[in-house]
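What follows draws every value from the coordinates through simple rules; no lab data is involved. Computed from a predicted structure; not experimentally measured. Note: ideal-geometry Cβ built from the backbone for every residue, glycine included; neighbour counts use all protein chains shown.
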Amino acid sequence: MRVPRVHLATDRGVAPDPAAVARAALAHLPPRAVALHLREKDLSGRELLALARALRAICHDAAQLLLVNDRADVALAAGADGVHLPSAGLPPEAARALLGPGRLVGVSCHGEADVARARAGGADFATFGPVFDTPSKRAYGAPVGLAALRRAASAGLPLVALGGVDVASARQPVAAGAHGVAAIRAWLAAPDPGAAVRALLAAAGG
């Protein structure tokens with residue numbers, strides 16, 4: 001399955017109704033151009049599954065992909081298109097064994113060694129960052145920067161740049177070798193989520 005150029009993560013702290021925003025954001029896009037990441041760590045398994053099923057229906061109607069973060073079991077039960085794993089989470093080869101060959105498996109990476117492990121484990125892609133400064137990641141240290149992204153991209157695994165990425169900055173990581181970009185606030189907090197996603201897609205070359 002082709003890895004989309006734009007990855008959109010949910011955050012109910014920014015948009016309390018991610019289904020409503022996703023419905024607006026995913027309309028009128030080329031098929032399979034976007035992967036929506038369900039990332040809600042505070043929800044119970046039952047609540048996460050219910051939201052995953054709602055988002056799966058929205059993504060299916062819009063011909064886009066749904067990935068569930070961390071929970072391969074929920075991804076499988078919801079009929080999602082794949083899973084995105086934290087760096088210290090389930091190994092990608094274990095997720096692949098659960099999900100089978102027809103779904104995407106991504107891994108969060110923060111350095112070249114992480115990317116090498118993800119590639120060796122059979123991941124389809126990795127998110128890489130934070131590339132730029134972003135308030136949500138300041139507690140974890142300084143941004144990795146574009147030079148680190150460029151080095152990590154040489155490993156050959158498609159990388160999706162995240163951390164402070166918006167429409168204005170999205171072209172920079174792609175020029176540095178990223179396959180695509182990921183965003184949270186750039187789409188969830190936008191006055192017109194659909195226009196924001198289309199602009200991100202254009203900037204990422206999708």
Net charge around Ala199, counting only other residues with Cβ within less than 13 Å of its Cβ (Lys, Arg = +1; Asp, Glu = -1)? +1
Please work out how much length the chain gains when fully extended from His60 to Ala202, using 0.36 nm per residue of separation minus the C-alpha to C-alpha distance, in nm with one decimal. 48.9 nm
Please find the FRET efficiency linking Ala113 to Asp192, where r is the Cβ-Cβ separation and R0 is fixed at 41 Å, and quote it to the nearest 0.05. 0.55
Label Met1 and Ala155 with points 7 Å out from Cα along Cα→Cβ: what is the distance between them in nm? 2.2 nm
Exposure proxy check: Cys59, Cys109 ranked by fewest other beta carbons within 10 Å? Cys59, Cys109
Report the FRET efficiency, 1/(1 + (r/R0)^6), for Ser87 and Val14, where r is their Cβ-Cβ distance and R0 is 22 Å, rounded to 0.05. 0.45
When DSSP assigns beta bridges and you keep just the ones with both residues in the chain, what percent turn out antiparallel, to the nearest 5? 0 percent
Counting only Cα, what are the radius of gyration and maximum Cα-Cα distance Dmax of the range 6-203, in Å? 15.5, 41
The answer for the longest stretch of the chain without any exposed trypsin sites (Lys or Arg not before Pro) (DSSP loop, at most 14 further Cβ atoms within 10 Å) is 42-206
What length, rounded to one decimal in nm, is gained on full extension from Ala147 through to Asp42, with 0.36 nm per residue of separation minus their alpha-carbon distance? 34.4 nm
Once both labels are modelled 7 Å past Cα along the beta-carbon direction, what's the Arg53-Ala97 spacing in nm? 2.9 nm
Assuming a ≥ b ≥ c are the square roots of the Cα gyration tensor eigenvalues, decide whether the range 123-206 counts as rounded (a/c under 1.5), prolate (otherwise, with a/b larger than b/c) or oblate. oblate
With springs connecting C-alpha atoms under 10 Å apart, model the chain as a Gaussian network and identify which of Leu67, Leu26, Leu43 has the largest mean-square fluctuation. Leu43
Springs between alpha-carbon atoms under 10 Å, Gaussian network over the chain: tell me which of Gly177, Gly102, Gly122 tops the mean-square fluctuations. Gly102
If a/c stays under 1.5 just call it rounded; otherwise compare a/b with b/c (prolate if a/b is bigger, oblate if not). Do that for the range 1-123, with a ≥ b ≥ c from the square roots of the Cα gyration tensor eigenvalues. prolate
